[in-house]
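Here the structure is laid out as structure tokens; the discussion comes afterwards.
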Amino acid sequence: MSRAETSHAAASRAETSRAEATVLRTGRRPQTAAGFLALFRNELHLTFRRLRTKVLLGILAVLPVLIGVVVKLNTDSPHEGGGGPSFIAQTTQNGLFLVFTALAVALPVFLPMTVGVVAGDSVAGEAATGTLRYLLVAPAGRTRLLAAKFTAGLVFCLAATAAVAVAALATGAALFPLGEVTLLSGDTIGLADALLRAVLVAGVVAVSLAGLVAIGLFVSTLTGSGIAAMAATVGLVITVQILDAFPQLDAIRPFLFTHYWLSFSDLLREPMYWDGVLKDLGLQAAYVAVFGSAAWARFTSRDISA
Amino acid sequence: MIRTRGLTKRFRGGQLAVDGLDLSVPRGSVFGFLGPNGSGKTTTIRMLMGLIAPTSGTATVLGESMPQSVATVLPRVGALIEGPALYGFLSGRDNLVRFDAADPTADPRTRRQRVETALERVGLGAAAGKKARAYSLGMKQRLGLASALLQPRELLVLDEPTNGLDPQGMREIRALVREVAAEGTTVFLSSHLLDEIEQVCTHAAVMSRGRLVVQGTVAELAARAQGRLVVRTPDVARAAEVLAAHRVTGLVPGEERVDGELGGPGDEALPELCAALVAAGVRVHGFGLERGTLEDAFVALTGEGFDVAG
């Protein structure tokens, strides 16, 4: 083999390996499970690193403390405050009941407000700052991004409910005696059993906000303004609750997503009465399906020009 | 690399943003996409990146049609679209981590390292831990570029990458573009700055009011602009007379200067022309040909000034 041929062969080999390197470097990469899930993890990070999220959770945690202090002061003072939710009277006997009281107070207003803020802003906020276009050209995939947003919304529901429940438990334990719990049905169960029920109730409360997350996500895909989406979602929660208060609207009330929210108190009977809770969960599933699909249909076909 | 056929976008208001665009970007080129603000450049880029759907026509990027093949094409494309957009409450580094996590083909194990490399490459290594809201516009622009460089890319789409940068920053970004292009990445660079295109691009296309005016190599385009003869002299009127007598056309007398098209006689006539001017007593302070620029070509092609918004 002549020298020229050798060097030619070497050159062509070098050429080939360089070409291979280029292909390896820039060619089509496979999608991996870890890569796919990275966005979900990152979305959680993003949600909970935000100052806004921390403030919302902080407010939710302060609420049971306020209730606890007010109840304590009221029972210390001589005159009896009439009426009030049935849980509040029990709270003075057992601090654990503050968990149920706080959840019952937070569920109609405070919890949905915070969830509305987080879910409403999820897509619209990114559209407003322009980060949405960079996520989509990354490419996040529209369905995947929406799923990540929805998951983060659900986790926020859990965190929000936990913030109320844990703060309530701590406050209740500090201000009132803990011990055997007398249920709404009159039966008495041990503290450990009662704690389990508290966890169950908190779980049900968190899941019953799922429908709202889907609604917020849908509203969020409609607009390019985070504030507008948050306001619309929170406004919707309030409107629906007002509608739910009209007996004249009996025909539609069972279909309002807030209608069965307070049915969690049925779990504080012996035996547990699941009827309302199951209806609630079914209704939430229906809302997730309907508004989730609507959000998907809207988001996957929308022009992103922000 | 990029090919469009009759690509058209009409917005809901009825405004025709892009009108029947036939664009062809060769592999390995640095392609300048030129046009005044509002001429449809960004809308075209958004269609190429699958962000908005075309009203009619087709676009293929890396040989696959968009927006259908977004998932397989875009991991191989880095993009900076209409300025950077960042999470102000995250550090520069965490912004990149987020954008990288959005790509399902990106390997989480190499993420940290790729992010650091990209930060170093755009000169943000020292500021990587700072919250992005504290960044200057130039730093944001660099961070946007870094996110386009998180992976080795086959195509880099840069929409006005030097916007908001100081001259030093502009030079650095242009050097970076040349470097990336030298590695074999095709660069699609939109700009309204003609000298930017002339400095870095091999090919260019010019858009005006949603339509493609021309495309080709930068040399071809600049050649379309004829060189003009420029005479600097205090004796403007006398010089114009002499030039007219020597068949120089399109004379424009100005402040202490006359310029015109050399036309027929060509370059060989220059010494003779100069001698004739001197012989006629014209005090010649300067005499020469000004080479055609892309700007002249643009004005010749569109018949409008470059800063006119479409």
Here the whole-number average of other chain Cβ atoms within 10 Å per Cβ of A:40-48 is 3
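Enumerate lysine pairs in chain B that are 8 or more residues apart or on different chains, then count those whose Cα atoms are under 22 Å apart.
Details: B:K9/B:K41; B:K41/B:K140; B:K130/B:K140; B:K131/B:K140.
So the count of such lysine pairs works out to 4.
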What accessible area, summed over both chains, is buried at the A-B interface (1.4 Å probe, Å², nearest 100)? 3400
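With viscosity set to 1.002 mPa s at 20 °C, what whole-number translational diffusion coefficient in µm²/s follows for chain A from Stokes-Einstein and a Kirkwood radius over Cα pairs? Intermediate values should be presented prior to the final figure.
Numbers: Rh = 22.1 Å.
Taking Rh from Cα pairs, D becomes 97 µm²/s.
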Could you work out [θ]222 nm for chain A from helices alone, using -39500 (n - 2.57) per DSSP H run of at least four and dividing by all its residues? Round to the nearest 500 deg cm²/dmol. -24500 deg cm²/dmol
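Over segment A:35-301, calculate the relative contact order: mean separation of alpha carbon pairs under 8 Å at least 6 apart, over the residue count, as a percent. Kindly include the intermediate steps, with their values, before the conclusion.
Values: 379 pairs, mean separation 67.3, N = 267.
For segment A:35-301, the relative contact order is 25 percent.
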Rounded to the nearest 10 Å², what accessible area does A:L196 show when all protein chains are kept and the probe is 1.4 Å? 120
Given a 1.4 Å probe and the protein chains all in place, what does the accessible area of A:K54 round to, in Å² to the nearest 10? 110
Roll a 1.4 Å probe over the protein chains and send me the accessible area per residue for the protein assembly as shown in Å². 44
Each residue of B:76-89 has, on average, a number of other protein chain C-beta atoms within 10 Å of its C-beta equal to 4
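Please give me the summed charge of the neighbours of B:D103: other residues whose Cβ is under 11 Å from its Cβ, Lys and Arg +1, Asp and Glu -1. Let's see the in-between values first.
Numbers: positive: A:R29, A:R144, B:R76, B:R98, B:R111, B:R114; negative: B:D100, B:D107.
The answer is +4.
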Express in Å², to the nearest 10, the accessible area of A:I242 obtained by rolling a 1.4 Å probe over the protein heavy atoms while all chains stay in place. 90
So for segment A:102-178, averaging the separation of alpha carbon pairs under 8 Å that are six or more residues apart and normalising by length, what relative contact order in percent results? 50
Ordered by residue, what ³J(HN,Hα) values in Hz, to whole numbers, does segment A:271-276 give under the Karplus form 6.51 cos²θ - 1.76 cosθ + 1.60, where θ = phi - 60° and Gly and Pro are x? x, 5, 9, 8, 3, x
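When the solvent-accessible surface of protein heavy atoms is calculated with a 1.4 angstrom probe, in what order do A:W296, A:W274, A:W261 fall, highest first? Each step should come with its number before you reach the end.
Details: A:W296 120, A:W274 95, A:W261 10 Å².
Largest accessible area first, the list is A:W296, A:W274, A:W261.
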Rounded to the nearest 10, the angle in degrees between the Cα long axis of helix A:226-244 and the longest principal axis of the Cα atoms of chain A comes to 30
To the nearest 0.05, what FRET efficiency results for B:D107 and A:D303 with a Förster distance of 30 Å applied to their C-beta separation? 0.45
For chain B, inverting the pair-averaged 1/r of distinct alpha-carbon atoms gives a Kirkwood value in Å of 21.8
When only the heavy atoms of the protein chains count and the probe is 1.4 Å, how do B:H192, A:H45, B:H285 rank by accessible area, highest first? B:H285, A:H45, B:H192
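So which trypsin sites (Lys or Arg not before Pro) in segment B:49-146 are both in a DSSP loop and have at most 15 other Cβ atoms within 10 Å of their Cβ?
Values: sites: B:R76, B:R93, B:R98, B:R109, B:R111, B:R112, B:R114, B:R121, B:K130, B:K131, B:R133, B:K140, B:R142; in loops: B:K130.
Filter output for segment B:49-146: B:K130.
Take the Cβ-Cβ distance between B:L16 and A:V62 as r, set R0 to 45 Å, and report the resulting FRET efficiency rounded to the nearest 0.05.
Between B:L16 and A:V62 the formula returns 0.25.
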Positive-end residue of A:V69, A:G58, A:A147, charge dipole of chain A with Cβ unit charges: A:A147
Using a 10 angstrom cutoff on alpha carbons, build the Gaussian network for chain A and name the most mobile of A:G120, A:G190, A:G224. A:G190
Where the Cα pairs of segment A:167-306 fall when distances are cut into 5 Å bins, in %: 2, 9, 14, 16, 15, 13, 11, 9, 6, 3, 1, 1, 0
Using the basic label-point model (7 angstrom from Cα toward the beta carbon), what is the A:A245 to B:A126 distance in nanometres? 6.1
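Whenever you get a sec, line up B:D103, A:D187, B:D19 from highest to lowest accessible area (probe 1.4 Å, protein heavy atoms). Mind showing how you got there, number by number?
Values: B:D103 5, A:D187 60, B:D19 40 Å².
Ranked list, largest accessible area first: A:D187, B:D19, B:D103.
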In whole Å, what is the distance between the alpha-carbon centres of segment A:224-284 and segment A:95-163? 18
Between the Cα axis of helix A:191-207 and the main Cα principal axis of chain A, the angle (0 to 90°, nearest 10) is 60
Leaving out ligands, DNA and RNA, and with a 1.4 Å probe, what % of the accessible surface on segment A:101-234 is carbon or sulfur? 75
Across peptide B:151-159, what mean number of C-beta atoms from other chains lies inside 10 Å of a residue's C-beta? 2
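Tally Lys/Arg at +1 and Asp/Glu at -1 over every other residue whose Cβ is under 13 Å from the Cβ of A:F299; what's the total? Present the calculation step by step, with values, prior to reporting the outcome.
Values: positive: A:R142, A:R144, A:K149, A:R298, A:R302; negative: A:E126, A:D303.
It works out to a net charge of +3.
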Over segment B:2-223, what relative contact order in percent results from Cα pairs under 8 Å that are six or more residues apart? 29
Using only the alpha-carbon atoms, how far is helix B:137-148 inclined from the longest principal axis of chain B? Give it as 0 to 90 degrees, nearest 10. 60
Whole-Hz Karplus ³J(HN,Hα) for segment A:150-156, in order, using 6.51 cos²θ - 1.76 cosθ + 1.60 and θ = phi - 60°, x for Gly and Pro? 5, 4, 4, x, 5, 5, 5
Quick one: net charge around A:V277, please, counting Lys, Arg +1 and Asp, Glu -1 for every other residue with C-beta under 13 Å from its C-beta. 0
Going residue by residue through segment B:250-257, the Karplus relation 6.51 cos²θ - 1.76 cosθ + 1.60 with θ = phi - 60° gives ³J(HN,Hα) values, rounded to whole Hz and with x marking Gly or Pro, of x, 6, 10, x, x, 6, 6, 7
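The values are calculated or read from the model by the stated rules, or taken from the named source; none is laboratory data. The model shown is predicted, which means the values in this text are computed figures rather than measured ones. Positions of Cβ are generated from backbone atoms using ideal geometry, with glycine treated the same way; all protein chains shown enter the neighbour counts. In case anyone asks, the SASA skips ligands and DNA or RNA and just uses the protein heavy atoms, side chains included. Shrake-Rupley method; radii C 1.70, N 1.55, O 1.52, S 1.80 Å.
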